[in-house]
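Reading through the structure tokens given below for one structure.
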Amino acid sequence: MPNLRISEAAALLGVSDDTVRRWVEQGRLPVVVGANGRKAIEGRELAEFARRLAETPEPGATVAASARNRMRGIVTRVVKDGVMAQVELQAGPFRVVSLMSREAADELGLEVGSVAVASIKSTHVVVEIPEA
């Protein structure tokens, strides 16, 4: 199992390096010391932490939903035409694009700078392994 640098863990979780360091200092995220003397996080530990983090309900969050993939982020772009709207959301390092009715976008009050949650339910998800 790979060990990840603090900066790598932060990028994967969509938070700052300082946030990861605080979690380490608080004992919420265990670290190991690598051969080079630097702190690292075991991949398996980071995955478990990310799972727990995702399961922690946010204040005012939905009580229950069938979609398991929820990504909180900020709206970065809204393009509307007569019937449809394209809404882009930046959730950590991830860009999520949603097509919806203009009416839905208007009712939600979606505009650049709005905080929103993308709930993704899909029967087709492609998982890739990046180059090392």
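A few remarks follow.
- Search result, residues across the stretch 94-128 that are part of a loop (DSSP other than H, G, I, E, B), farther than 19 Å from Leu13 by Cβ and among the hydrophobic types (A, V, I, L, M, F, W, C): Leu110, Val112, Val125, Val126
- Test set (1) without any contact (Cβ under 8 Å) to a residue 24 or more places away in the chain; (2) within 22 Å of Ala91 (Cα to Cα); (3) not small (Gly, Ala, Ser) - Leu13 fails condition number: (1)
- Of all residues in the stretch 66-82, those satisfying the criterion of being touching a helix residue (DSSP H, G or I) at 6+ places or on another chain (Cβ under 8 Å) and at pLDDT 85 or above are Val78, Lys80, Asp81, Gly82.
- Breaking point among (1) surrounded by 15 or more Cβ atoms within 10 Å (Cβ to Cβ); (2) farther than 24 Å from Gly73 by Cβ, for Leu12: (2)
- Val63 being at pLDDT below 90, more than 22 Å from Val15 (Cβ to Cβ), surrounded by fewer than 12 Cβ atoms within 10 Å (Cβ to Cβ) and touching a Pro at 6+ places or on another chain (Cβ under 9 Å): yes
The values are calculated or read from the model by the stated rules, or taken from the named source; none is laboratory data. Source: prediction; values computed, not measured. No Cβ is skipped: glycine too gets one built from the backbone with ideal geometry, and neighbour counts run over all protein chains shown.
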